[in-house]
Amino acid sequence: MARNVGRIFSGFRCSGSLPFGKTQLKTRCPRLLLRTTPERTVVQALSSIFSHKSRDFSLPNSSWGEEMMRLYNHYSSQSGEAAEGQEDQGEQWTRLPSYNRSLKYATGGVYLSKIIQSKARLFTRNIRDTGAAFEYVLFFRRDKQRCVCIFQAGHLLEGPPGHVHGGAIATMIDTVTGTHASLLSAPVMTANLNINYRSPIPLGSTVLVESTMDKEEGKKTFLSCRVTSTDGSKLHTEAAALFVSINVSHLLRG
Ligand SMILES: CCCCCCCCCCCCCC(=O)SCCNC(=O)CCNC(=O)[C@H](O)C(C)(C)COP(=O)(O)OP(=O)(O)OC[C@H]1O[C@@H](n2cnc3c(N)ncnc32)[C@H](O)[C@@H]1OP(=O)(O)O
């Protein structure tokens, strides 16, 4: 049992918590501190904790439609790596890699069986049929405290006929604001998510999910989120989210 707890904590330190804060990174995983900015650290940490065989789901695949590709190329063209040693002012977009496992090392959990733990997959990345469900890529821009997600909704996400399920939209909002909050604060959990659905999203369409940080108050990070058509002319959904920073032991209470 003690060894399992140790493994879980080790997993959180070196994988789960890595995306969440540079302070923790500095104190706990110095070997990963090769870059200076939080988002770069996140990108590098995410890449290093997963084996090189892990698929990065945020890269283009054959299911991506024209609009998805156009926007991907648009944001990619505004992202880039500053030369080694050069100060990054955060004025560019950073693409965030995305994998289907959140904790590589936390096997043999305290309250999860080994089977469940080893089969655990990130909800939005667990459908093998590309293009069938959540196709998305996130970009982060530090100077503007913004996250932008290009989201193409596949046919398995149907709610009302021909349109995207409200729960799937909520999932994407939680994912985008949750990732954004994770980049800004220490490990966080969603405490409150308030959603207004303004107009339905056609199945198969590509939309933008944009997250903005409103304020931080102690352990609380408040963000707002808008889902719009890609030209911004139509508002589909708007939301307000509250994330609360947690200590990893919070997740071990069962
Ligand atoms: C690059 C990054 C990659 C990441 C990879 C993954 C990508 C995918 C990302 C997917 C992301 C998916 C993410 C998910 O899906 S997370 C899963 C869904 N969320 C949960 O299951 C959370 C369940 N709840 C809890 O665990 C606790 O209640 C939490 C942790 C939320 C708060 O704990 P606790 O109760 O112990 O808090 P505290 O006593 O320290 O209070 C602190 C402050 O917070 C205020 N407060 C608390 N609750 C609420 C509330 N509901 N409304 C308003 N305020 C609230 C409270 O008043 C206090 O304020 P103040 O008195 O200080 O002013």
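Read the figures in this text as sums done on the coordinates, not as results from a lab. This structure is a prediction, so every number in the text was calculated from the model and none was measured. For neighbour counting, all protein chains shown are included, and Cβ atoms are generated from backbone atoms with ideal geometry for every residue, glycine included.
Here the simple spin-label model places points 7 Å from the Cα toward Cβ, and for R55 and S199 these points are separated by 3.4 nm.
Label reach from T190 (point 7 Å along Cα→C-beta): in the range 201-226, amide nitrogens under 18 Å belong to 201, 208-214, 220-226. One chain, two ends: L122 and K219. Fully extended at 0.36 nm per residue, the span grows by 32.4 nm beyond their Cα-Cα distance. Couplings 3J(HN,Hα) of the range 147-159, computed from phi: 10, 10, 10, 9, 10, 10, 8, x, 5, 7, 9, 5, x Hz, in residue order, whole Hz [Karplus 6.51 cos²θ - 1.76 cosθ + 1.60, θ = phi - 60°; x for Gly and Pro].
Nearest 0.05, what FRET efficiency do E238 and Q78 give at R0 = 22 Å with Cβ-Cβ as r? Calculated transfer efficiency: 0.35. Rounded to whole numbers, the Karplus 3J(HN,Hα) couplings from phi for the range 192-209 are 8, 9, 10, 10, 10, 8, 9, 8, x, 9, x, 4, x, 7, 10, 10, 9, 10 Hz, using 6.51 cos²θ - 1.76 cosθ + 1.60 with θ = phi - 60°, and x at Gly and Pro. Computed over the Cα atoms of the range 202-254, pair by distinct pair, the Kirkwood hydrodynamic radius stands at 13.3 angstrom.
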